[in-house]
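Read the figures in this text as sums done on the coordinates, not as results from a lab. The model shown is predicted, which means the values in this text are computed figures rather than measured ones. All Cβ positions, even for glycine, are placed from backbone atoms using ideal geometry, and neighbour counts span all protein chains on display.
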Amino acid sequence: MLNYKIKIGNLALLISICWFVISFLLNKDLIGGAFHDYKFHEKYFLYFSNDFFNTIEEYGKSNEVRNSPIFYIFFSQILKIVINVENLKYFNLIVIFPIIFFFHKCLDLKFSKLDKDSKLFLISCIFLSPTLNSLINYPYPLIWALCFFLISIYFFLKFKEFEKNKILDASLCIFNLSIASYFTPNFSVFIIFFFYHFYLSYRFSKKFIYLTLLSVFLSIPAIFFLIWKDFYMFKNNVFEISIAEKINFSNKIVIITSFIIFFFIPFFKKLNLSLNIFKHKIKSINFLILISIILLCILSFNFKSGAGGGFFYKLSIIVFKNYFLILVIFIFSILYFYFANLLNINNILIFFILILYNLQYSIYYKYFDPLLFFIFLFLIKININKLIDYNKISKNYFLFYVGFLLMNIFKNNFLKILII
């Protein structure tokens, strides 16, 4: 029986790698915007390669860039080696190896009882990720930021697990998160989560002050650059929107909640609530606060089409011609998380960080895949009826990513059918 299970895991990994290779050779753009983003910013590889000082001087003065220049500077130097810009994707392929390596090390740290078969299923998900498939083919800073963010998670898990070299692991966590943030500044907000846990361990000690000073020191070049460039990152939008629409956090809360419940599907489990527990929960002051937040978000929600929104949002607009479905998903998600005891301080903090992570108006799946996959496995606190079988979760996630991949491959055909 054991050999049979191992063969299934090996087969899943083999199929996933084969798909990854085919996608790479065929230059697949499964998320729909990878090719456009790459071609739009491709010129910066050439600009930095040919005239660095003039390009850095002009960078950010137009409203067409929201990314950090670090990625373009880094790849402009690689361009001098590979010569042809079309060959950059072959260098870009390198990033998948540290992602797999540190993902496996994170699994070993967090799930010591996870069997080999389950690890193979989870590793397969990396190769099936539509975002990673697309961003390997069309170089974009997000995939490199994800890599260093995963490395920061690894050192964070070491910090939580072992007493030896604790301050070194915390320092390396901050250092790698800084690198991730220099590639994609959105990741910088995760320092809030890490420092929350550093504070729980050190309080206001010398070690905590040291970690604070290290973070400040690593952020100085970025802060200087943003001030120099008049905070250009915050001025770019998909299309013109009013200030009121831009700061309407109800849009982000509703849409990002729908992303979270979507990627939470592999964990989904029927709740066994007794009548007494149910009555206790709905009489709690926390429940009244939650209902108030839900109502406020529903009344304020006005997300525009054309700026992403994900599967449930687009399905709602196409099928119902309004926000009905996305709001139902939002209400269900919040109530499910509440009754499943998932709204603890750790998880609420992560949710708050995910809102800050996506401050721009547009909200796309590519910013959350496989980010939420990493977060659900390694960072959130889950207590659904107390017992979770991660060996089963691993298989669920493999099936989820197979379905998610197919959904991205055939999404245009699916949307045409719905429209008809």
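Need one word for the stretch 2-234: rounded, prolate or oblate. Basis is the Cα gyration tensor (sqrt eigenvalues a ≥ b ≥ c); a/c below 1.5 gives rounded, then a/b vs b/c decides.
Numbers: a/c = 2.58, a/b = 1.07, b/c = 2.40.
Note, shape of the stretch 2-234 comes out oblate.
Think of it as helices only: each DSSP H run of n ≥ 4 in the chain is worth -39500 (n - 2.57), and spread over all residues that comes to -22000 deg cm²/dmol at 222 nm. What does the charge count around I143 come to, taking other residues whose C-beta lies under 13 Å from its C-beta (Lys +1, Arg +1, Asp -1, Glu -1)? Spelling it out: positives minus negatives among the neighbours equals 0. Couplings 3J(HN,Hα) of the stretch 141-155, computed from phi: x, 4, 5, 6, 5, 4, 4, 6, 5, 5, 5, 5, 4, 4, 5 Hz, in residue order, whole Hz [Karplus 6.51 cos²θ - 1.76 cosθ + 1.60, θ = phi - 60°; x for Gly and Pro].
Inter-part distance, the stretch 349-368 to the stretch 113-159, computed on C-alpha centroids, equals 18 Å.
When the P(r) of the stretch 243-388 is calculated, the portion above 21 Å amounts to 45% of the C-alpha pairs.
Rounded, prolate or oblate: which fits the chain, taking a ≥ b ≥ c as square roots of the Cα gyration tensor eigenvalues, rounded meaning a/c under 1.5, else prolate when a/b beats b/c? Rounded, because the longest to shortest axis ratio a/c is under 1.5. The local environment of E163, defined by Cβ-Cβ distances under 14 Å, has a net charge of +3 under the rule Lys, Arg +1 and Asp, Glu -1.
Are there trypsin sites (Lys or Arg not before Pro) in the stretch 133-222 that DSSP puts in a loop and that have at most 14 other Cβ atoms within 10 Å, and which ones?
On the way: sites: K158, K160, K164, K166, R203, K206, K207; in loops: K164, R203.
Loop-located and lightly packed - K164, R203.
Could you tell me how far the Cα centroid of the stretch 11-40 sits from the Cα centroid of the stretch 267-327, in Å? With the stretch 267-327 and the stretch 11-40 each reduced to a Cα centre, they are spaced 33 Å.
Which of the GluC sites (Glu not before Pro) found in the stretch 58-134 are loop residues per DSSP with 15 or fewer other Cβ atoms within 10 Å of their Cβ? Could the numbers behind the result be given before it?
Numbers: sites: E58, E64, E86; in loops: E64.
Taking the stretch 58-134 and a limit of 15 other Cβ atoms within 10 Å, the loop GluC sites (Glu not before Pro) found are E64.
Loop-located chymotrypsin sites (Phe, Trp or Tyr not before Pro) in the stretch 174-207 (DSSP state not H, G, I, E or B) with no more than 10 neighbouring Cβ atoms inside 10 Å: F204.
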